[in-house]
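Quick notes on the structure that follows.
The values are calculated or read from the model by the stated rules, or taken from the named source; none is laboratory data. Since the structure is predicted, the reported quantities are computational estimates derived from the model, not experimental observations. In this analysis, Cβ positions are derived from the backbone assuming ideal geometry, glycine residues included, and neighbour counts consider all displayed protein chains.
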Amino acid sequence: MAVAGAVVKPAASEAELLAAIRVAGEPLAELPEDLYIPPAALRVILEAFEGPLDLLLYLIRRQNFDILDIPVHKIANQYITYIELMRELEIELAGEYLLMAAMLAEIKSRMLLPKPAAAEDEGADPRAELVRRLQEYEQFRTAAEQLQAWPRVGRDVVCVQHEPPQLHIDKPMPQADLRQLLLALHEVLQRAELFNEHHIAREPLSVRATMSAILQRLRPGRPIAFAALCTRDEGRMGVVVCFLALLELARAALIRLHQDAPDAPLAIALAAGADTSSAELAHG
Amino acid sequence: MAEATAQDTVVAAGLVQCIEALLMAADEPLSVARLMTLLEHHDQPDRGAIRMALRALQARYAEAAVNLVEVAQGWRFQIGADYATLVARLWAEKPPRLSRAMLETLALICYRQPIARSEIEQVRGVSVSSSIIKTLQEYDWIRVVGYREVPGRPALFGTTSQFLDDFCVKQLSDLPELPAIKDPEALEAAVARLQGPAADSAPAPDVSVTAGGADE
Amino acid sequence: MAEATAQDTVVAAGLVQCIEALLMAADEPLSVARLMTLLEHHDQPDRGAIRMALRALQARYAEAAVNLVEVAQGWRFQIGADYATLVARLWAEKPPRLSRAMLETLALICYRQPIARSEIEQVRGVSVSSSIIKTLQEYDWIRVVGYREVPGRPALFGTTSQFLDDFCVKQLSDLPELPAIKDPEALEAAVARLQGPAADSAPAPDVSVTAGGADE
């Protein structure tokens, strides 16, 4: 694990380790001030921290101070030496680190001044404020660790999803509303001012329907006799409508009408391009 | 790990549950070979043990709504076929709304069929997107009834019997003729007649057949 | 549908299997209400019947590698955490690691919602990068729940039900308690002591006193 890892986890054992170190018989109370820390290591250490409060908490925890009774003066010194060390090594520091250094410096100086009686009420003592903020931050740092450990989807828990053998999702049909349809026609014709008679197709719908039906039945190159087109059960009206449809289709050059002899049966064929010429249709 | 003998149907419970977890989580079939590699660190089960575990699982899920099946690439859990329609409702979309453009296009096709797309655009004064035509065809409301023999051979569209069924009209000629469309009251009256319970399919006497053809 | 009486634990088997199929096929939790609409055509089960069926299913899967769990947005089948490492082998890519900064920000929003970004920065003592806020929003774990009516109208953030689902809980209170501050009284006492005349331990002798004041 990188240095940062070891540094971040203020394992109690490290404190015992420190206590166990005997320097000239005296237990080593704190990190020697002049311990040389290579800049790269410092940068890594710095990355391990989430900000000044985190760094301060680390310093407090590492030396097993009780957060409620921290030797503010000592901690401030250590923090400020760290920060100055980093600035000497031109490690660019987030502004907040410097802000904290300034605050700590202010706390240190206030602690040295005799407490003037009148100064009681000029705002919360920054030290108390620092302790409160450290505590509050630690609260959420621990909460974050708890969230990290909590089971979460994608890492600890996988949701189950299976398919049926073949999934046929039928796309639902829209609501077919006749009134809407006719209103739409009204609107579009209104918009196009096509309502005057001569423009709009005058043929009744039945003729329109028959025109489509006839076109549908005709195949290129296979003419059909007129009689075969009109179904018996529509009666006289059917024949009229069918005839009108044929005239309309011819006018629209969609079909061609042929009669071999004056009273020969009338043949109808698609006005398809060249390919009907070879058809057995006798030219009129 | 208790090595299960062939006859002995006792299969290491742990192995069955591990395979169950893997198959439930997997989003593709898992072969016996793949299961062996996945369970390497676990307890190095051999093929036989895995097959036995798979059979035990298959039996346990036989009656459930999801079953363990063997497919080409291996084993997987699958929703029972007879729940397919029920499950499809999870992804059923809401019925789409008919857009103004779609209604106008459909109405024009209905009243002026066989009609080419260019003519629809001419009347609407707006281009008709091919997706509108495609969708109306998907709904099986319109279809190509023929082609005009001019350069480009434009398709001619007409309405279908499905269109008549969906719009609850027996035949096209039941629809109000154009003069009735022009006048809003007449249109409302026509619609009411068509949709009203009493209205039977026979056209009302006052339908003016412009072609002058005598009424039947 | 045999209406199961409360004492009678026999739940219509058909209903249980339909719910099992739906839950196994769904790609999101299904609420009781959603199940009711999905089963509408089936046999219009009421809430009670569905809850009974869910409990029956939960019992049946209690020992299996996959369990039926209720989360914020409904019920779902999920593979338990104890198979996490085994199942993770199915996929090559590892799930994205959450940075400490992201987790601390998420914890603050979770326990202090609705909270503005400036308050998060106040507590963490560091500015919150907008990429963290954006990522948490992309995960759909946090959302803007309102604005504080002060100059600048800062957005207030809160957690979503998706956050609860992804952390496998039904409601916020199921998450671990926010660790309590040591004990408030001791804090007050410490603060008082700090402000009291008897300053804490004398500063270390090597303090370079810029003000030149004598040590206490």
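Take C:Arg55 and decide whether it is charged (D, E, K, R), surrounded by fewer than 19 Cβ atoms within 10 Å (Cβ to Cβ) and part of a helix (DSSP H, G or I). Criteria met by C:Arg55. With respect to being β-branched (Val, Ile, Thr), within 20 Å of A:Leu46 (Cα to Cα) and more than 8 Å from every other protein chain (Cβ to nearest Cβ), C:Thr105 fits the description.
Counting residues in region A:162-174 that are crowded, with 17+ Cβ neighbours inside 10 Å, within 30 Å of C:Pro95 (Cα to Cα), modelled with pLDDT of 85 or more and within 12 Å of chain B (Cβ to nearest Cβ) gives one or more.
If you go through region B:108-119 and keep only what is at the interface with another protein chain (Cβ under 7 Å from one of its Cβ atoms) and not basic (Lys, Arg), you end up with B:Leu108, B:Tyr111, B:Gln113, B:Pro114.
The set of residues in region B:148-194 that are under 23 Å from A:Gln175 (Cα atoms), touching a strand residue (DSSP E or B) at 6+ places or on another chain (Cβ under 8 Å) and surrounded by fewer than 20 Cβ atoms within 10 Å (Cβ to Cβ) contains only B:Thr160. Checking B:Ser131 against (1) free of Cβ contacts under 8 Å to residues at least 12 places away in the same chain; (2) buried (at least 16 other Cβ atoms within 10 Å of the Cβ); (3) more than 9 Å from every other protein chain (Cβ to nearest Cβ), which single condition isn't satisfied? The single condition B:Ser131 does not satisfy is (2).
Between C:Leu38, C:Leu54, the distinction of being among the hydrophobic types (A, V, I, L, M, F, W, C) and at pLDDT 95 or above belongs to C:Leu54 only.
Considered as a group, the residues in region B:63-98 that are small (Gly, Ala, Ser) and away from chain C (no Cβ under 12 Å) include one that is nearest to the chain's Cα centre (by Cα), and that residue is B:Ala72. If you check A:Ala201 against the conditions, is it modelled with pLDDT of 75 or more, within 7 Å of chain B (Cβ to nearest Cβ) and part of a loop (DSSP other than H, G, I, E, B)? In short, no. Only one of the numbered conditions (1) at the interface with chain A (Cβ under 9 Å from one of its Cβ atoms); (2) surrounded by fewer than 20 Cβ atoms within 10 Å (Cβ to Cβ); (3) within 27 Å of A:Pro172 (Cα to Cα) is violated by B:Gln122, and that is (3).
Tell me, yes or no, whether region B:99-110 has at least one residue that is polar (S, T, N, Q) and more than 30 Å from C:Glu28 (Cβ to Cβ). Looking through region B:99-110, at least one residue is polar (S, T, N, Q) and more than 30 Å from C:Glu28 (Cβ to Cβ). Just one of (1) at pLDDT 80 or above; (2) of a type outside the set (S, T, N, Q); (3) touching a Cys at 6+ places or on another chain (Cβ under 8 Å) fails for A:Leu218. It is (3).
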